[in-house]
1. Averaged per residue, what accessible area in Å² does the range 4-104 show with a 1.4 Å probe, protein chains only?
2. In bins 10 Å wide, starting from 0, what share of all Cα pairs of the chain does each bin hold, as a percent?
3. Extending each Cα 7 Å along its Cβ direction at V137 and K105, get the distance between those two points in nm, one decimal.
4. What area, in nm² and to one decimal, does the C-alpha convex hull of the range 9-55 cast on average over all directions?
5. Ignoring any ligand, DNA or RNA, what whole percent of the accessible area of the range 1-95 comes from carbon and sulfur when the probe is 1.4 angstrom?
6. So how tilted is helix 48-60 from the main axis of the chain? Cα-based, degrees 0 to 90, rounded to 10.
7. About its Cα centre, how strong a charge dipole does the chain have in debye, to the nearest 20, once Lys and Arg get +1 and Asp and Glu get -1 at the Cβ?
8. I'd like to compare 119-125, 4-10: which one has the highest average count of other Cβ atoms within 10 Å, and what's the full order after that?
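The values are calculated or read from the model by the stated rules, or taken from the named source; none is laboratory data. Small disclaimer: the values here were computed from a predicted structure and weren't measured. For neighbour counting, all protein chains shown are included, and Cβ atoms are generated from backbone atoms with ideal geometry for every residue, glycine included. To get the accessible areas, we keep the full protein, side chains included, count just its heavy atoms, and leave off ligands, DNA and RNA. Shrake-Rupley method; radii C 1.70, N 1.55, O 1.52, S 1.80 Å.
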Amino acid sequence: MEYTAPQHGVSVSAYMQNAEGEVLLLRTHWRSDTWELPGGNVEEGEALDAAACREYMEETGIAIRLLGITGVYYNATKRVLSVVFRAEYVSGNIRIQPEEVLEAKFIRIDESNIGQYVTRPLARSRTLDAMRATCFVPYETWEAAPTYNLLGRLDNHR
């Protein structure tokens, strides 16, 4: 029997609040019925943390610093593993790519009103987990050949 490597995608997103406690959410052309956390697909060979920062900047124009992972999710239908980070603001102003993003803005959400904005259950679950997180899962990026080299680690606990 011949081995076939599994084919899965990996995506990342980040939850970031402004000084007023509002969360930056966006609506895309292909999911215009819901607001969601900024993020997207990880490129081949790209570290998850680098992908999250890149996607956030591409979609919103805002630079972030990641604090840690708030959740890991799997969409069995689309075979996509999604990793959600908590982040803090570094610099920039909202600037969208109109060919991809319809709208991006800071929204005050909580458990009582999240369904008005984040209408898809899987996105709502991820957003609520990120909102509720009091500590974060550590994340490391390594090079493992020819020697082991730690490239970065996130382990910020609140």
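1. 48 Å²
2. Histogramming the chain at 10 Å steps yields 10, 39, 36, 11, 3, 0 percent.
3. The two pseudo-label positions are separated by 3.3 nm.
4. Mean shadow area of the hull around the Cα atoms is 3.9 nm².
5. Answer for the range 1-95 is 51 percent, counting heavy atoms of protein chains only.
6. The angle comes out at about 30 degrees.
7. 440 debye
8. Put in order of decreasing packing, that is 119-125, 4-10.
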